[in-house]
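Student: Dropping a structure here in structure tokens format, bear with me for questions.
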Amino acid sequence: MKLIHYFFIVFYLFVVGCAPRFIPSKHTETVLVIKSSETDTISSIDKYLKPFRDSINGIMNIPIGEAQADLRKERPSGSLGNMVADALLKRAQSQYPSTVGAICNYGGIRINQIPKGKISKGKIFELLPFENELIILEVKGNILNEWMQHIAKDGGWPIAFSSKVVIESSKNQSGLLDSVNEEDGGSSIKTRIESKQYFNEQDTYYIATNDYVANGGDNCNFLKPCKQIKTGLIIRDVVLGYIQTKKIITPDNTIRLAIIH
Amino acid sequence: MNRRKFIQQTSIATSLLLASQFPYEALAKDDAQHKLTILHTNDVHSRLDPFPMDGSKYQGMGGVVGREKIISKIRQEEEQVLLLDAGDIFQGTPYFNFYKGEPEMKVMSMLAYDAATIGNHDFDNGVEALANQLQHANFPIVNCNYDFTNTALENKIEPYHIIRKGKLKIGIIGIGIELKGLVPDKLFGNILYHDPIQSANDTAYYLKKNKRCDYIICLSHLGFEYKDAKVSDKILAAETEYIDLIIGGHTHTFLDHPWITKNKKNKEIMVNQVGWAGINVGRINIYFYNKKQYDYVSNFTVIKVKETSA
């Protein structure tokens, strides 16, 4: 064995020269497989967790609806985010009919997919674990444009509007939206719905979102001055109610957001 | 000829070594004076049980039962083991919605974590709630760039923690992400954020020069990297002087092996992060030839629960 070591040493000595401190290892990955049948008995940790787990599972394993196909979290838009935004918009409109759209932060969607099949209550707790309130935000067009630029810069957030939202920017060398902003003071970026109707800088729009974003979260400081219409509803409950009412969720894979440079 | 010298001379070709079957670990083992095994997790997000078996990407993966199994196995095999976490312990499963963090803290205590830092989501129920949950933690929580003066966390979170492992003195510091814009103002209250690079360097300098630590680990919740200039573990690593290893979190980055760069003193420093949710447990074995020179070997364990029909 040692002879083999020295053979390799001599071989490497010919190939290499300098001397850093680390010898990085070959990547190794170990998969530890635990049979679920043994997990109940093996440890004191499991004994400690069992009453918590049983209590949670009793509530969380209840099916509330069914996904006809996988719902996925994607950018610029995806079926999972689309469903959440639809649920927020529908509920907001039922309370405040002037609501024209819903915007949810991408980071607020906490799982990558809801797989085809039964949707449990627990799955929606994983999807939306935060105790965030549904807020209807009174947003001036210029602020909404700024919001859209922020969303474009971030790669896209879940949205629901009457149709596709297009965030336009003029051509620029770097291809980066924010660099255009700095040069042109943001004037070269416009946001429109469909092909014609731009968000008018002076008009007021009512947008459903969560209180985290409305209070400036996810770097949305510019939303802080906007008037908030509080609903007292937790967005998770809104989505739970949406699925319970619809029973069958058909994924909407429509690309709802386009970012044009 | 000195075998150690050979190892140094041969170690340029990371890719060569990565691609080869060279028995570097066996060689390292022979000469090492001390060995330290660092196990680490990050962004576990209340994932105490494995992901449910519902056809999703990570179904059956993770869970503290599996984590305990791998950790206790390694503790039996190795003499000097550190178990660390880089924050975002809370939020993500109904355990947190219903029990507010107590099971997470108690389970980490039962797993005998040596230290952890806090992430932005650990503030999700506010500063007081986090301070209240710390009564269930029997391990130190470290952070050196948040000022907790006049908050419920004052004196409950330490800037650093020193652990002796055999003859080695290990300094552990913690670094947190800027909370403004990320965590609602009312949840983090009066906590002041200080420059992470300056704070990390000042604390590491103190641990190296005044406390004579042999090895310094930074538990960071800054995130591995960003498209823009936002401070990240990659940026921090290049700006450090006395930190040997950064265990990162926040960006949920699955690294196959530690990322390595040169620090301000032109010495190598490594950054590691193992995704999120306790799917993987990271492991870095450090072989010390003396208190200044060392090699490392890394791997990780993927925890999987297999459903049995019986």
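Student: Hey, does the range B:294-303 have a residue that's polar (S, T, N, Q), in contact with a helix residue (DSSP H, G or I) (Cβ under 7 Å, 6 or more places away or on another chain), touching a residue at least 60 places away in the same chain (Cβ under 8 Å) and crowded, with 19+ Cβ neighbours inside 10 Å?
Tutor: From the range B:294-303, those polar (S, T, N, Q) are B:298-299, B:301; that's our starting set.
From what is left, the residues that are in contact with a helix residue (DSSP H, G or I) (Cβ under 7 Å, 6 or more places away or on another chain) are B:301.
With the extra rule that they be touching a residue at least 60 places away in the same chain (Cβ under 8 Å), the set shrinks to B:301.
With the extra rule that they be crowded, with 19+ Cβ neighbours inside 10 Å, the set shrinks to B:301.
Among the residues of the range B:294-303, at least one is polar (S, T, N, Q), in contact with a helix residue (DSSP H, G or I) (Cβ under 7 Å, 6 or more places away or on another chain), touching a residue at least 60 places away in the same chain (Cβ under 8 Å) and crowded, with 19+ Cβ neighbours inside 10 Å, which makes the answer yes.
Student: Among (1) surrounded by fewer than 22 Cβ atoms within 10 Å (Cβ to Cβ); (2) without any contact (Cβ under 8 Å) to a residue 60 or more places away in the chain; (3) aromatic (Phe, Trp, Tyr), which single condition is residue B:289 missing?
Tutor: Among (1) surrounded by fewer than 22 Cβ atoms within 10 Å (Cβ to Cβ); (2) without any contact (Cβ under 8 Å) to a residue 60 or more places away in the chain; (3) aromatic (Phe, Trp, Tyr), residue B:289 violates only (2).
Student: Does residue B:187 satisfy the criteria of being among the aliphatic types (A, V, I, L, M), in contact with a Gly (Cβ under 6 Å, 6 or more places away or on another chain), closer than 30 Å to residue A:215 by Cα and within 14 Å of chain A (Cβ to nearest Cβ)? Lay out the reasoning, then the answer.
Tutor: Working: among the aliphatic types (A, V, I, L, M): yes; in contact with a Gly (Cβ under 6 Å, 6 or more places away or on another chain): yes; closer than 30 Å to residue A:215 by Cα: yes; within 14 Å of chain A (Cβ to nearest Cβ): yes.
Judged against the criteria, residue B:187 is a match.
Student: Regarding residue B:39, is this residue within 8 Å of chain A (Cβ to nearest Cβ) and at pLDDT 95 or above? Write out each step before concluding.
Tutor: Working: within 8 Å of chain A (Cβ to nearest Cβ): no; at pLDDT 95 or above: yes.
For residue B:39, the condition - within 8 Å of chain A (Cβ to nearest Cβ) and at pLDDT 95 or above - is not met.
Student: Here is a follow-up. Would you mind finding the one in A:216, A:232, A:241 that is open to solvent by 40 Å² or more (accessible area, probe 1.4 Å) and small (Gly, Ala, Ser)?
Tutor: On the way: A:216 fails: open to solvent by 40 Å² or more (accessible area, probe 1.4 Å); A:241 fails: open to solvent by 40 Å² or more (accessible area, probe 1.4 Å).
Result of the check over A:216, A:232, A:241: A:232.
Student: Now for a separate question. Could you say which residue among B:122, B:88 is modelled with pLDDT of 95 or more, acidic (Asp, Glu) and not in a helix (DSSP H, G or I)?
Tutor: Details: B:122 fails: not in a helix (DSSP H, G or I).
Result: B:88 is the single residue among B:122, B:88 that is modelled with pLDDT of 95 or more, acidic (Asp, Glu) and not in a helix (DSSP H, G or I).
Student: If we keep just the residues of the range B:137-177 that are touching a strand residue (DSSP E or B) at 6+ places or on another chain (Cβ under 7 Å), surrounded by fewer than 20 Cβ atoms within 10 Å (Cβ to Cβ) and free of Cβ contacts under 8 Å to residues at least 40 places away in the same chain, which is farthest from residue B:38 (Cα to Cα)?
Tutor: Ranking the qualifying residues of the range B:137-177, first place goes to B:158.
Student: Working only within the range B:104-117, note down all residues that are over 15 Å from residue B:277 (Cα atoms) and either within 9 Å of chain A (Cβ to nearest Cβ) or part of a loop (DSSP other than H, G, I, E, B) (or both).
Tutor: B:106, B:110, B:111, B:112, B:113, B:114, B:117
Student: Go through B:242, B:226 for me and flag whichever is open to solvent by 40 Å² or more (accessible area, probe 1.4 Å) and of a type in the set (Ser, Thr, Tyr). It would help to see each step written out before you state the result.
Tutor: On the way: B:242 fails: open to solvent by 40 Å² or more (accessible area, probe 1.4 Å).
Just one listed residue meets the conditions, B:226.
Student: Looking at the range B:102-118 only, could you name the residues that are in contact with a His (Cβ under 8 Å, 6 or more places away or on another chain) and over 21 Å from residue B:160 (Cβ atoms)?
Tutor: B:102, B:106
Student: Does residue B:139 satisfy the condition of being modelled with pLDDT of 95 or more, within 26 Å of residue A:132 (Cβ to Cβ) and of a type in the set (Phe, Trp, Tyr)? Walk me through it before giving the result.
Tutor: Working: modelled with pLDDT of 95 or more: yes; within 26 Å of residue A:132 (Cβ to Cβ): no; of a type in the set (Phe, Trp, Tyr): yes.
No: the conditions fail for residue B:139.
Student: When you check residue A:17 against the structure, is it part of a helix (DSSP H, G or I) and either within 7 Å of another protein chain (Cβ to nearest Cβ) or at pLDDT below 95 (or both), yes or no? If you could, list the steps in order and put the result at the bottom.
Tutor: Values: part of a helix (DSSP H, G or I): no; either within 7 Å of another protein chain (Cβ to nearest Cβ) or at pLDDT below 95 (or both): yes.
No, not satisfied.
Student: Can you name the residue in the range A:154-179 that is touching a strand residue (DSSP E or B) at 6+ places or on another chain (Cβ under 8 Å) and surrounded by fewer than 16 Cβ atoms within 10 Å (Cβ to Cβ) and is also modelled with the highest pLDDT among such residues?
Tutor: From the range A:154-179, those touching a strand residue (DSSP E or B) at 6+ places or on another chain (Cβ under 8 Å) are A:156-169, A:177; that's our starting set.
Adding the requirement that they be surrounded by fewer than 16 Cβ atoms within 10 Å (Cβ to Cβ) leaves A:162-163.
Values: A:162: 81, A:163: 77.
So the residue we want is A:162.
Student: Here is a further query. Name every residue in the range B:185-217 that is free of Cβ contacts under 8 Å to residues at least 60 places away in the same chain and open to solvent by less than 40 Å² (accessible area, probe 1.4 Å), in order of residue number.
Tutor: B:196, B:197, B:199, B:200, B:201, B:203, B:204, B:207, B:213, B:216
Student: Is it the case, given these coordinates, that residue A:102 is within 11 Å of chain B (Cβ to nearest Cβ), within 22 Å of the chain's Cα centre (by Cα) and surrounded by 14 or more Cβ atoms within 10 Å (Cβ to Cβ)? Working first, answer last.
Tutor: Working: within 11 Å of chain B (Cβ to nearest Cβ): no; within 22 Å of the chain's Cα centre (by Cα): yes; surrounded by 14 or more Cβ atoms within 10 Å (Cβ to Cβ): yes.
No: the conditions fail for residue A:102.
The values are calculated or read from the model by the stated rules, or taken from the named source; none is laboratory data. Note that the structure is a prediction, hence the values are computed from the model and not measured. Cβ: placed from backbone, ideal geometry, glycine included. Neighbour counts: every protein chain shown. Each accessible area value is taken on the protein alone, full model and side chains, heavy atoms only, with ligands, DNA and RNA left out. Shrake-Rupley method; radii C 1.70, N 1.55, O 1.52, S 1.80 Å.
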